[in-house]
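See structure below.
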Amino acid sequence: MSKYLVDKFLYTVDRDPDLVERYRTAPRETVEWWEQSRANEVLNCHSGEASTWLRFTDSERSALIDHDHVALFELGAHPFLTLTLFIAMFERDHGPLEYQKAYGARLAHFSMPYPDIAT
Amino acid sequence: MASVVAVIASTHHPFYYRASTATGEDRPPFADEWVSKITAFRETLTRARPDVLVMVGSDHFHQLWLDNMPQFLVGKAPFYDANWYNEEREFGLPKMLLKGQEDLSAHILRAGLDEGFDLAFSNELRIDHSVTCPIITLRPEADLPIVPIYTNIFAPPLPQPKRFVQLGKAIREIVESWPSHLRVAIIGTGHLSLELGGPRQFGPHGPDPEFDRKAVEWIATGDLERCLAEVTLDSLHSPGNATHGFMDFMLMMGVAGAGAKADYVDSLDLFHTMEAYFTWYPSGAPA
């Protein structure tokens, strides 16, 4: 499990308008490029330093490539990060609150306790 | 010494700005009632004639990230830029620039550390809607200097609820020991029951109206004993997966003091989450 890295993907894409569009239109290319070239950047640090060990599990990579917010929830990705980014990508294709309600409905089979989000 | 002229606890609903400024067909049906309640709530701060605002909120994964996550952080800077690209994108929030009150920041940090709270600090903090929403609702002129205090209600492991209460109590005492003639309002925002990114999100009400009813009662009556008896880190999952933001209300109950009945209480049942507004006047209600 590398919940932290999934969260880091969602976080870094969400804060970059170009990456939001790129992930919306080309998810596989974006996820693979990001894992290759961005996953090991230390964010709160001056540039030029990097980690060496971060990579997705296969199921995490697939969930991100498939835009599968249900799988991300199951994996324990932080729900705020997933929701915020997915609203940015997909709300525009729907009527007011329609996307948010459908997003919740697709998670209806989860009961308490939800998957653990601790990293 | 400084005086605490108002203690205010509120929800921070990022949709208020857009709802209150929308016109014509874009204006939601609940906007007028919401604006009217906010206008009355704002008056409770205006009447207290504050000079400085201590603002308690929580960063929503903007500047604070999982590679370096503080539990409690005090801003100490001459200015704070505010609101982030994704808040502009999703909520239409404007970019803002707020002045800081560095003397009070320094005093809170020094005294807080001496009281046993290992507070983190930031000399360059861009604040988010947990602080700017109450500025927009309570002081839209955004003309008063602030001291932002961030709590971690977002990224487990979280501090225990009682720690939020203890910190609130300490903040009250520390502000009252600040050698200054200035009038300070302490404002904090959190959530009642709330679900984000889960199956119960964006319903016709908050996900747990019964929790909301009890929570409003605890806050309005200052019933810290019952609140602390019922609320645990585990129990907060059940009213909604983002309900840990209620601990910022508990912090504000600590600021107001055990048993302190709020001088002003209001709420508004909205879709998605209930709004709630509380004001205490520790030095007596202003004329």
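The values are calculated or read from the model by the stated rules, or taken from the named source; none is laboratory data. Keep in mind that what you see is a predicted model, and the values were worked out from it rather than measured. Heads up, the Cβs are rebuilt from the backbone with ideal geometry, glycines too, and the neighbour counts pull from every protein chain shown. These accessible areas exclude ligands, DNA and RNA; they are computed on the full protein's heavy atoms, side chains included. Shrake-Rupley method; radii C 1.70, N 1.55, O 1.52, S 1.80 Å.
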Quiz prompt | Any pair with Cβ under 8 angstrom, 6 or more apart, that starts in region A:106-119 at a residue that is under 15 Å from residue A:77 (Cβ atoms) and ends at one that is among the hydrophobic types (A, V, I, L, M, F, W, C) and in a loop (DSSP other than H, G, I, E, B) | solution = A:117/A:77; A:119/B:66; A:119/B:155
Quiz item: Restricting the first residue to region B:197-219 and requiring it to be within 14 Å of another protein chain (Cβ to nearest Cβ), which pairs with a second residue that is basic (Lys, Arg) meet a Cβ separation below 6 Å and a spacing of at least six or different chains?
Solution: B:202/A:101; B:207/B:200
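Could you please find all residues in region B:92-103 being open to solvent by 60 Å² or more (accessible area, probe 1.4 Å) and either without any contact (Cβ under 8 Å) to a residue 12 or more places away in the chain or over 19 Å from residue B:123 (Cβ atoms) (or both)? Give the steps one after another, and end with the answer.
Filtering region B:92-103 for residues open to solvent by 60 Å² or more (accessible area, probe 1.4 Å) gives B:95, B:97, B:99, B:102-103.
Once the filter is applied, which keeps residues that are open to solvent by 60 Å² or more (accessible area, probe 1.4 Å) and either without any contact (Cβ under 8 Å) to a residue 12 or more places away in the chain or over 19 Å from residue B:123 (Cβ atoms) (or both), region B:92-103 yields only B:95.
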Exercise. Please enumerate the residues belonging to region B:262-281 that are open to solvent by 40 Å² or more (accessible area, probe 1.4 Å) and either over 18 Å from the mean Cα position of the chain (by Cα) or β-branched (Val, Ile, Thr) (or both).
Key: B:265, B:269, B:271
Exercise. Just give me the residues in region B:222-247 being in contact (Cβ under 8 Å) with a residue 24 or more places away in the chain, more than 13 Å from every other protein chain (Cβ to nearest Cβ) and among the aliphatic types (A, V, I, L, M), in sequence order.
Key: B:224, B:228, B:231, B:247
Quiz item: Scanning for something free of Cβ contacts under 8 Å to residues at least 12 places away in the same chain and of a type in the set (Val, Ile, Thr), does region A:43-63 turn up at least one residue?
Solution: no
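Restricting attention to region B:143-163, which residues are of a type in the set (Val, Ile, Thr), more than 12 Å from chain A (Cβ to nearest Cβ) and closer than 15 Å to residue B:242 by Cα?
From region B:143-163, those of a type in the set (Val, Ile, Thr) are B:146-147, B:149, B:151, B:153; that's our starting set.
After this cut, where a residue has to be more than 12 Å from chain A (Cβ to nearest Cβ) as well, the list is B:146-147, B:149, B:151.
Correct list: B:151 only.
For region A:1-97, list the helices (runs of 4 or more DSSP H) that sit wholly inside it and hold at least 3 residues that are open to solvent by 60 Å² or more (accessible area, probe 1.4 Å) and either more than 10 Å from chain B (Cβ to nearest Cβ) or out of contact with any Gly (no Cβ under 9 Å at 6 or more places or on another chain) (or both); which are they?
A:17-25, A:27-37
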Quiz item: Conditions: (1) in a strand (DSSP E or B); (2) away from every other protein chain (no Cβ under 14 Å); (3) not polar (S, T, N, Q). Residue B:108 meets all but one. Number of the miss?
Solution: (1)
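Return a yes/no flag: does region B:184-192 have any residue that is within 14 Å of chain A (Cβ to nearest Cβ) and under 30 Å from residue B:90 (Cα atoms).
To start, the set of residues in region B:184-192 that are within 14 Å of chain A (Cβ to nearest Cβ) comprises B:191.
Still in the list and also under 30 Å from residue B:90 (Cα atoms): B:191.
Looking through region B:184-192, at least one residue is within 14 Å of chain A (Cβ to nearest Cβ) and under 30 Å from residue B:90 (Cα atoms).
I'd like the full set of residues that are open to solvent by 90 Å² or more (accessible area, probe 1.4 Å) and without any contact (Cβ under 8 Å) to a residue 12 or more places away in the chain, limited to region B:22-42.
B:23, B:25, B:26, B:29, B:32
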Practice problem: Only residues that are surrounded by fewer than 21 Cβ atoms within 10 Å (Cβ to Cβ), within 11 Å of another protein chain (Cβ to nearest Cβ) and in a loop (DSSP other than H, G, I, E, B): list them for region B:76-91, please. | Solution: none
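Being assigned to a strand (DSSP E or B), in contact (Cβ under 8 Å) with a residue 60 or more places away in the chain and within 14 Å of chain A (Cβ to nearest Cβ) narrows it down to one residue among B:73, B:66; which is it? Steps first, please.
On the way: B:66 fails: assigned to a strand (DSSP E or B).
Only one candidate passes the filter, namely B:73.
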Self-check item: Residue count, region A:98-119 (criterion: more than 7 Å from chain B (Cβ to nearest Cβ), of a type outside the set (Ser, Thr, Tyr) and part of a helix (DSSP H, G or I))
Solution: 3
Practice problem: Output yes when any residue across region A:45-52 is among the polar types (S, T, N, Q) and in contact with a helix residue (DSSP H, G or I) (Cβ under 8 Å, 6 or more places away or on another chain), and no when none is. | Solution: no
Quiz item: Residues of region A:98-119 being open to solvent by less than 40 Å² (accessible area, probe 1.4 Å) and over 15 Å from the mean Cα position of the chain (by Cα), which ones?
Solution: A:99, A:100, A:104, A:107, A:110, A:114, A:115, A:118
